[in-house]
1. Considering every residue within region 96-110, establish whether at least one is modelled with pLDDT of 95 or more, among the hydroxyl-bearing types (Ser, Thr, Tyr) and under 18 Å from Ile6 (Cβ atoms).
2. Given Thr180, Thr206, which one is more than 18 Å from the chain's Cα centre (by Cα) and not assigned by TED's automatic domain parsing to the domain that holds Met92?
3. Of all residues in region 110-169, how many are among the hydroxyl-bearing types (Ser, Thr, Tyr) and exposed (fewer than 15 other Cβ atoms within 10 Å of the Cβ)?
4. Consider only pairs whose beta carbons are under 8 Å apart and that are at least six residues apart or on different chains; among these, list those whose first residue lies in region 98-111 and is touching a residue at least 24 places away in the same chain (Cβ under 8 Å) and whose second residue is part of a helix (DSSP H, G or I) and acidic (Asp, Glu).
5. Is it true that some residue in region 247-270 is part of a strand (DSSP E or B) and modelled with pLDDT of 95 or more?
6. Could you check region 214-271 and list, in sequence order, the residues that are among the small types (Gly, Ala, Ser), free of Cβ contacts under 8 Å to residues at least 40 places away in the same chain and either surrounded by fewer than 22 Cβ atoms within 10 Å (Cβ to Cβ) or on the phi > 0 side of the Ramachandran plot (or both)?
7. Can you pull out every residue in region 179-225 that is hydroxyl-bearing (Ser, Thr, Tyr), outside any helix (DSSP H, G or I) and within 15 Å of Gln283 (Cβ to Cβ)?
8. Could you please let me know if Leu177 is among the aliphatic types (A, V, I, L, M) and in contact with a Gly (Cβ under 6 Å, 6 or more places away or on another chain)?
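The values are calculated or read from the model by the stated rules, or taken from the named source; none is laboratory data. What you see is a predicted model; the values in this text were computed from it and never measured. All Cβ positions, even for glycine, are placed from backbone atoms using ideal geometry, and neighbour counts span all protein chains on display.
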Amino acid sequence: MNVGFIGLGHMGSAMAANLVRAGHVVTVFNRSADKRQPLLDLGAREATSIADACASELVITMLADDHALRQVALGEGGILAQLHPGGTHISMSTVSVELTRHLALAHEQVRQRLVAAPVFGRPEMAAAGKLFIIAAGAADGLRACQPLFDAMGQRTFPLGAEAAAASLVKLTGNFMLAATIETLGEALALIDKAGIDPAGFVELLTSTLFPAPAYRTYGSLIAERRFQPAGFAAPLGHKDVRLLLAASEALHVPMPLASLLNDRFHRLIAQGGEQLDWSAISQLAAEDAGLRRESSS
């Protein structure tokens, strides 16, 4: 399939690379031109503008936040203006429910389609083609995108025709991951202060009561205080919690734990943690317990 790909950060680069390896013709665009080169070396084609990336019937975006996606999709010379009628924009970014709903309507008005397809998985899963993809949009659009999803992920979870549902599910999942990080941070602060080996506790925990990948991944990061380089930077985690709170307010659903997490991220970033992995919020519980330590890289 011919597809454009816009946004070559840690996740986007790995996802685009898997599309190329699967034999798709991929035209890549990123505002920082140097990020295109590794994909070009792999066999991708270069786009020097958003218009170039929209030359085919399918274009994927994997961008950091609402502002970036709004600029690329709705700004002057953006996807809405450049994609042909009948074309499909596959939005794989983690963005607000409100923006996804707005994009779906905007694309519909110019006879284009939006498929929302955010993903669960860290960069190493993206590189291995093992992402979990949450997809929502018109049924024919989902079917057309499935070969691309198969190249990037291990399983696709279709959620129906309402694109905004995918964004809400993604934000809710990220909230639950952040809550897991907070739980682990508090538990390991207690274990550590009692003189019990945190790594050994994580091994026990993940071999018995909590064998889930989230506990294994984040338990190890927290026990080893390994927060750099960031697989998912703290400001992005904070952004997702804020977007979840906005969605919960719109639906009148109290989420007190989300409010706590929002405060945790505020504090981490205020203390200079912008470059750390979002799992570094776990160390705030350790600090509260008098266990302040330097993180490992």
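1. yes
2. Of Thr180, Thr206, the one residue that is more than 18 Å from the chain's Cα centre (by Cα) and not assigned by TED's automatic domain parsing to the domain that holds Met92 is Thr206.
3. 0
4. Leu99/Asp66
5. No: zero hits.
6. Ala214, Ser220, Ala223, Ser248, Ser259, Ala270
7. none
8. no
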